[in-house]
Amino acid sequence: MNAKTPRILLVVSSFLGGLVVFLAAIFFIAGGVPSIGGATGSAIGGPFNLVDQNGKTITDRDLKGKPFLVFFGYTHCPDVCPTTLFDASEVMRALGKDADRTAMLFITVDPERDTPAVLKNYLSSFDPHVRGLTGTTNALAAVEKEYRVYSKKIPEKDGDYSMDHSAIVYLMDKDGRFVAPFNLARRPAVAAADLRKYM
């Protein structure tokens with residue numbers, strides 16, 4: 001046996017071990033691990049009953065028949081949220097008339113400050129297909145749980161606070177089932193073409 005063989009085997013086994021962990025994480029996030037009885041299904045997403053920036057009640061049933069994107073954030077977010085909503089707006093513009101066949105939901109993790117009026121003012125800077133949703137603390141906590149979203153209030157020295165939160169954009173299909181995280185970090189035309197596949 002070559003003296004380098006044990007070292008090569010160690011490197012290969014470490015790589016394979018890492019690959020297994022990575023794939024397991026992907027299956028977990030995507031809900032692809034078989035459940036009891038052999039059935040598979042999404043473990044992300046579910047019913048919701050919230051209010052949009054115009055004060056209109058929006059439920060998951062209102063989105064049946066169209067694929068949609070979901071992002072959790074808040075209007076006081078300094079960087080990730082406005083960047084994500086800008087990128088999503090560019091995708092909606094790239095879709096043209098097809099943008100009416102989908103939706104982009106911006107669900108707040110900060111209901112204390114993000115009222116419908118605040119959301120409406122904030123979203124006026126983005127494409128009109130981006131809909132802001134808010135609701136009671138309990139209603140939003142339930143939706144965060146369904147989407148496996150992490151959020152936490154972070155107190156600041158001046159008595160104000162920020163929100164630490166997940167930054168995944170979820171792609172949901174026409175039946176409201178999770179497909180995969182949606183990549184907005186690419187040319188809008190490419191992302192738009194990807195989204196069209198689910199219409």
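The values are calculated or read from the model by the stated rules, or taken from the named source; none is laboratory data. These numbers were taken from a predicted model, which means no experiment stands behind them. FYI the Cβ positions are ideal-geometry reconstructions off the backbone, even for glycines, and counts take in every protein chain you see.
Filter the range 115-159 for residues that are at pLDDT 95 or above and among the charged types (D, E, K, R) and give the result.
Residues satisfying the conditions are Lys120, Asp127, Arg131, Glu144, Lys145, Glu146, Arg148, Lys152, Lys153.
Of all the residues that make up the range 170-199, how many are touching a Ser or Thr at 6+ places or on another chain (Cβ under 9 Å), among the hydrophobic types (A, V, I, L, M, F, W, C) and over 16 Å from Leu85 (Cβ atoms)?
Here the count works out to 4.
Just to be sure before I move on: is Tyr161 of a type in the set (Phe, Trp, Tyr), under 18 Å from the mean Cα position of the chain (by Cα) and more than 18 Å from Asp52 (Cα to Cα) in the structure I sent? Walk me through how you get there before you give the answer.
Details: of a type in the set (Phe, Trp, Tyr): yes; under 18 Å from the mean Cα position of the chain (by Cα): no; more than 18 Å from Asp52 (Cα to Cα): yes.
Considered against the rule, which asks whether it is of a type in the set (Phe, Trp, Tyr), under 18 Å from the mean Cα position of the chain (by Cα) and more than 18 Å from Asp52 (Cα to Cα), Tyr161 comes out as no.
Give the residue that is surrounded by the most Cβ atoms within 10 Å (Cβ to Cβ), with candidates limited to residues of the range 100-155 that are polar (S, T, N, Q) and touching a Ser or Thr at 6+ places or on another chain (Cβ under 9 Å). Spell out how you get there, then give the answer.
In the first step, residues of the range 100-155 are kept if they are polar (S, T, N, Q); the result is 102, 108, 115, 121, 124-125, 134, 136-138, 151.
Retained after the next criterion (residues that are touching a Ser or Thr at 6+ places or on another chain (Cβ under 9 Å)): 108, 115, 121, 125, 134, 151.
Numbers: Thr108: 28, Thr115: 16, Asn121: 13, Ser125: 11, Thr134: 26, Ser151: 17.
Checked the range 100-155; the qualifying residue surrounded by the most Cβ atoms within 10 Å (Cβ to Cβ) is Thr108.
Kindly indicate the residue of the range 156-183 that is over 12 Å from Val70 (Cα atoms) and in contact (Cβ under 8 Å) with a residue 60 or more places away in the chain and also surrounded by the most Cβ atoms within 10 Å (Cβ to Cβ) among those meeting that condition.
His165
Based on what the data block shows, is Lys56 more than 22 Å from Ala185 (Cα to Cα), modelled with pLDDT of 95 or more and over 13 Å from the mean Cα position of the chain (by Cα)? Walk me through it before giving the result.
On the way: more than 22 Å from Ala185 (Cα to Cα): yes; modelled with pLDDT of 95 or more: yes; over 13 Å from the mean Cα position of the chain (by Cα): yes.
Here the answer is yes, as Lys56 does meet what is asked.
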